[in-house]
Amino acid sequence: QVRLEESGGGLVHPGDSLRLSCVASTVRPFSHYAMGWFRQTPGEERDFVAAIDWSGANTFYGNSVKGRFTVSRDVAKNTVYLQMDNLKPEDTAVYFCAADLGGSYVNDLIRERTYKDWGQGTQVTVSS
């Protein structure tokens, strides 16, 4: 079984920063999984934010967050991070992490349907 637990969300002002964490409990070594971050507002589909492939060598970002967000991982801690800088009101959403065993292709990792395992989400609110 795979369990994912996000944390680090909160209420911030435009221009501020947050770092989200996702701790994973995985049936295979954590380094075998690609990890993705998605976000969702009420009534909307989940939008791709960022991903890191199973090797950790390749990262991918949605156009709206390029240059502002950074995804990384700490294999020893079974944790993936999303560093969010220069936050904007448009970034307000529930942020979810997701796991994909063996994922490495950007065309797959940007798609919600690629991921089998999802966390419960953490709320990020950016407001002046």
As I understand it, the dipole of the chain uses +1 on the Cβ of Lys and Arg and -1 on the Cβ of Asp and Glu, about the Cα centre. Which of A98, V27, N63 lies farthest toward its positive end? V27
Bounding extents of the chain in its principal axis frame from Cα atoms, largest first in Å, are 43, 28, 27
Per the rule of 0.36 nm per residue minus the C-alpha distance, extending L11 to S31 adds in nm 4.1 nm
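Kindly provide the GluC sites (Glu not before Pro) of the stretch 41-119 that DSSP labels as loop, not H, G, I, E or B, and whose Cβ sees at most 15 other Cβ atoms within 10 Å.
Working: sites: E44, E45, E90, E112; in loops: E44, E45.
Counting only loop positions with at most 15 other Cβ atoms within 10 Å, the GluC sites (Glu not before Pro) in the stretch 41-119 are E44, E45.
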Starting from the Cα of T59, step 7 Å along the direction of its Cβ; do the same at E90; then give the gap between the two resulting points in nm. 2.1
Could you give the accessible area per residue of the chain, probe 1.4 Å, as a whole number in Å²? 52
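Quick one: with all protein chains in place, what share of the accessible area of the chain is carbon or sulfur, to the nearest percent (1.4 Å probe)?
Values: 2990 of 6710 Å².
Whole-percent figure for carbon plus sulfur exposure: 45.
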Karplus couplings for the stretch 78-93 from phi (6.51 cos²θ - 1.76 cosθ + 1.60, θ = phi - 60°), rounded to Hz, Gly and Pro as x? 6, 10, 10, 10, 10, 7, 10, 10, 6, 5, 10, x, 5, 7, 4, 4
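Please compute the contact order of the chain in relative form: average sequence separation of alpha-carbon pairs under 8 Å and at least six residues apart, divided by the residue count, as a percent. Present the calculation step by step, with values, prior to reporting the outcome.
On the way: 325 pairs, mean separation 45.5, N = 128.
Normalised by residue count, the contact order of the chain is 36 percent.
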Residue separation times 0.36 nm, minus the C-alpha to C-alpha distance between Q1 and K116: what's the value? 40.3 nm
Relative packing of 92-100, 74-82, which averages over residues the other C-beta atoms within 10 Å, highest first: 92-100, 74-82
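Quick one: work out the % antiparallel among DSSP beta bridges in the chain, nearest 5.
Values: 38 of 41 bridges.
The antiparallel proportion sits near 95 percent.
The values are calculated or read from the model by the stated rules, or taken from the named source; none is laboratory data. On a predicted model such as this, the values are computed, not experimentally measured, just so you know. Positions of Cβ are generated from backbone atoms using ideal geometry, with glycine treated the same way; all protein chains shown enter the neighbour counts. Heads up: the accessible areas ignore ligands, DNA and RNA and are worked out on the full protein's heavy atoms, side chains in. Shrake-Rupley method; radii C 1.70, N 1.55, O 1.52, S 1.80 Å.
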